[in-house]
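Q: Just dropping this structure here.
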Amino acid sequence: MKYVIIGNSAAAVGAVEAIRKNDREGRIVIASSENYHVYSRPLISYLLMGKTNEEKMKYRNDDFYKDNGCELKLNKTAQRIDIGQKRVIFEDGDNENYDTLLIATGSSPVIPPIPGLDKVKNKYTFTTLDDAKALDGALKENSRVLIMGAGLIGLKCAEGISKRKVRITCVDLSYKVLSSILDDESSEIIKKHLEENQIKFYLKRQVIEFEENLALLDDNTKIPFDVLVLAVGVRPNISLFKDAGGRTNRGILIDERCRTSIPNIYAAGDCCESMDASSGEVKVMALLPNAYMQGECAGMNMSGVDFVFDRAIPMNAIGLFGKHIITAGTYSGDAYLETDGKSYKKLFYSKNRLNGFILVGHIEKAGIYTALVREKTPLHTLDFELICKAPGLMALQKKEREEILGGVCREAAGS
Amino acid sequence: MKRVYVNEKWCLGCHLCEYYCAFASTNEKDMARALKDKRISPNIRVEELDGISFAVSCRHCREPLCVKGCITGALRKMGGTIVIDRDKCIGCYTCILCCPYGAISPSEDGAVQKCELCIRTGSGTPYCVQGCPNEAIVYEERGE
């Protein structure tokens with residue numbers, strides 16, 4: 001069996017680790033357009049902050065490829081897939097035959113079509129290690145940095161460069177920060193917190209034109225800047241697969257076994273669309289844990305073991321200037337709310353299920369809520385009032401708790 | 001492999017497991033001297049309400065969601081034990097988001113903390129088990 005993996009991030013690692021549980025012999029070839037040992041992309045903001053370094057950013061240790069018998073091909077960009085010949089052709093003319101192929105090509109930053117953007121020399125995106133290094137090189141003391149986008153990437157970038165004596169301004173189309181994961185009230189708490197950390201916002205504003213060092217907003221505000229960061233969103237890298245005739249929407253469409261519409265081709269991670277178990281909607285959930293688990297699922301099936309992953313939900317853990325946010329699921333239904341203006345807890349429930357939650361500040365034991373969302377636990381089977389106030393095993397039924405903690409088996413074990 | 005199991009029927013709610021756990025990482029000989037006047041931050045925590053109490057620590061899951069979700073690779077499985085490289089951890093708390101038992105906690109220094117079955121202390125039997133006065137916490141192999 002020969003496995004080919006296009007991409008070298010979390011989904012690829014998940015696949016390799018799963019394949020090697022079942023098949024120690026088969027050849028695994030990994031092709032990456034980048035020139036790095038597998039690293040954690042979300043850590044690039046921590047790199048700029050000095051909280052990690054390139055060595056510690058490695059997602060797996062130096063021996064990962066050797067230990068798992070992988071042939072790693074760096075600077076190797078796939079150009080097309082010949083599905084008849086089961087072969088991947090690379091831009092440099094090389095090709096690689098496969099028995100099963102995993103597409104784990106991730107996503108790319110969206111470049112907004114704004115007049116004059118081509119005149120801006122100092123512009124950067126912020127999703128790869130090379131992006132981070134380029135931005136790092138461009139920052140000088142007192143640089144005026146304009147970040148387009150107040151989402152996860154834009155704000156982590158802002159935090160990452162905040163200790164560099166730069167002045168940060170952030171513009172977003174939305175009227176609130178982190179609009180994809182926060183409701184209005186929690187978003188306001190975070191915005192205030194960020195403003196206290198010297199980040200200036202222009203929300204519900206659009207850049208309509210750029211000059212080399214100037215952004216013109218739709219309300220005629222002019223924002224001069226030295227460095228521009230484009231963080232308006234990412235788009236799944238689907239063209240390789242789409243050009244081969246595969247079914248795509250915004251992302252590559254996969255089933256609960258990470259199979260695509262083309263036989264022997266699997267896909268996992270940020271390049272995919274899959275079912276959100278908390279809402280039933282099919283969507284792109286570009287998150288590292290999901291990427292790993294989809295990669296794992298693909299790897300199991302590629303190596304002949306039937307495996308289903310149907311528990312993907314949107315979920316995020318993000319810290320900004322010391323304030324932590326954990327969210328998961330879908331924000332619909334009735335709400336349980338606790339807030340003191342600085343911390344925030346909102347649980348969304350309906351039809352005997354927890355649909356989703358937002359925690360700001362006190363995030364302890366958040367995973368207990370995540371599990372209720374992911375497992376669709378019927379709420380009548382636990383003390384919901386208690387678990388709203390204090391997430392813990394106490395709210396579960398005694399029998400279930402005993403199973404988790406293993407307590408009842410003590411007698412059975414013959415002690 | 002051997003794991004820590006908890007039987008709430010025998011738990012006295014004395015919190016000694018928490019003190020023994022905190023003591024385990026101090027490298028001191030005397031517990032009273034090591035922990036006197038210190039706020040402890042143990043990896044095992046007692047939940048209690050209305051006369052029910054039990055200790056909760058990492059279950060060392062066979063399919064650990066924390067390891068699969070860890071964005072840095074700091075959490076990994078070593079043998080069957082889930083260990084954390086606290087130098088690599090950047091405290092994003094994705095593992096806290098993922099753990100269904102609430103067994104991973106933030107810590108003072110930014111990295112997360114969790115039970116590693118005392119493998120770094122070389123004690124063999126974990127400290128919480130040694131310190132439990134009523135055998136409510138045991139360390140044994142069960143049906144694997």
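The values are calculated or read from the model by the stated rules, or taken from the named source; none is laboratory data. Please read these numbers as outputs of a predicted model, since none were measured by experiment. We place every Cβ from the backbone using ideal geometry, glycine too, and count neighbours over all the protein chains shown.
Q: Here are some residues: A:ILE147, A:ILE111, A:ILE153, A:ILE103. Which one is under 18 Å from A:SER32 (Cα atoms) and β-branched (Val, Ile, Thr)?
A: Of A:ILE147, A:ILE111, A:ILE153, A:ILE103, the one residue that is under 18 Å from A:SER32 (Cα atoms) and β-branched (Val, Ile, Thr) is A:ILE103.
Q: Mind counting the residues in region B:31-76 that are surrounded by 14 or more Cβ atoms within 10 Å (Cβ to Cβ), within 12 Å of chain A (Cβ to nearest Cβ) and not in a loop (DSSP other than H, G, I, E, B)?
A: The number of residues fulfilling the criteria is 16.
Q: Does A:LYS346 meet the test of being of a type in the set (Lys, Arg), in contact with a strand residue (DSSP E or B) (Cβ under 7 Å, 6 or more places away or on another chain) and more than 9 Å from chain B (Cβ to nearest Cβ)?
A: So A:LYS346 passes the test.
Q: Please note which strands (runs of 3 or more DSSP E) are completely contained in region A:281-340 and include at least 1 residues that are farther than 17 Å from A:ILE19 by Cα and more than 14 Å from chain B (Cβ to nearest Cβ).
A: It comes to A:334-339.
Q: Also: Which residue, of A:ALA371, A:ALA390, A:ALA335, A:ALA366, is outside the structural domain of A:SER279 (by TED's automatic domain parsing), farther than 25 Å from B:CYS70 by Cα and free of Cβ contacts under 8 Å to residues at least 60 places away in the same chain?
A: None of the other options fit; the residue is A:ALA335.
Q: Please give the number of the condition A:ALA412 fails out of (1) modelled with pLDDT of 95 or more; (2) more than 20 Å from A:SER179 (Cβ to Cβ); (3) aliphatic (A, V, I, L, M).
A: Going through (1) modelled with pLDDT of 95 or more; (2) more than 20 Å from A:SER179 (Cβ to Cβ); (3) aliphatic (A, V, I, L, M) one by one, A:ALA412 breaks only (1).
Q: On to the next question. If a residue has to be out of contact with any strand residue (DSSP E or B) (no Cβ under 7 Å at 6 or more places or on another chain) and either within 14 Å of chain B (Cβ to nearest Cβ) or closer than 20 Å to A:ASN75 by Cβ (or both) to count, how many in region A:8-29 make the cut?
A: Matching residues across region A:8-29 total 9.
Q: Just the residues that are of a type in the set (A, V, I, L, M, F, W, C), closer than 23 Å to A:THR125 by Cα and buried (at least 18 other Cβ atoms within 10 Å of the Cβ), please, taken from region A:160-189.
A: Matches in region A:160-189: A:ILE161, A:VAL166, A:ILE168, A:CYS170, A:VAL171, A:VAL177, A:LEU178, A:ILE181.
Q: Further, regarding this structure: Wholly within region A:36-144, which helices (runs of 4 or more DSSP H) include no fewer than the required count, namely at least 1 residues that are β-branched (Val, Ile, Thr)?
A: In region A:36-144, the matching helices (runs of 4 or more DSSP H) lie at A:44-49.
Q: Show the residue pairs that are 6+ apart or on different chains and have beta-carbon atoms under 6 Å apart, the first residue being within region B:1-20 and within 14 Å of chain A (Cβ to nearest Cβ), the second being of a type in the set (Phe, Trp, Tyr).
A: Short answer, once both residue conditions are applied: B:LYS2/B:TYR139; B:VAL4/B:TYR139; B:VAL6/B:PHE54; B:GLU8/B:PHE54; B:CYS11/B:PHE54.
Q: If you don't mind, there's one more thing I want to ask. Among the candidates A:ARG87, A:ARG80, which residue alone is surrounded by fewer than 20 Cβ atoms within 10 Å (Cβ to Cβ), in contact (Cβ under 8 Å) with a residue 12 or more places away in the chain and under 26 Å from A:TYR3 (Cβ atoms)?
A: A:ARG80
Q: Hey, another quick one. Any residue at all in region A:371-384 that is among the small types (Gly, Ala, Ser) and in contact with a helix residue (DSSP H, G or I) (Cβ under 7 Å, 6 or more places away or on another chain)?
A: Checked against the condition, which is being among the small types (Gly, Ala, Ser) and in contact with a helix residue (DSSP H, G or I) (Cβ under 7 Å, 6 or more places away or on another chain), region A:371-384 yields no hits at all.
Q: Please go through region A:42-61 and pick out each residue that is within 16 Å of the chain's Cα centre (by Cα) and more than 9 Å from every other protein chain (Cβ to nearest Cβ).
A: The answer is A:ILE44, A:SER45.
Q: If I ask for residues that are modelled with pLDDT of 50 or more and among the β-branched types (Val, Ile, Thr), which ones from region A:395-409 would you list?
A: Listed by number, the list holds a single entry, A:ILE404.
Q: Could you tell me whether any residue of region A:307-322 is within 21 Å of A:THR100 (Cβ to Cβ), at pLDDT 95 or above and of a type in the set (Val, Ile, Thr)?
A: Within region A:307-322, one or more residues are within 21 Å of A:THR100 (Cβ to Cβ), at pLDDT 95 or above and of a type in the set (Val, Ile, Thr).
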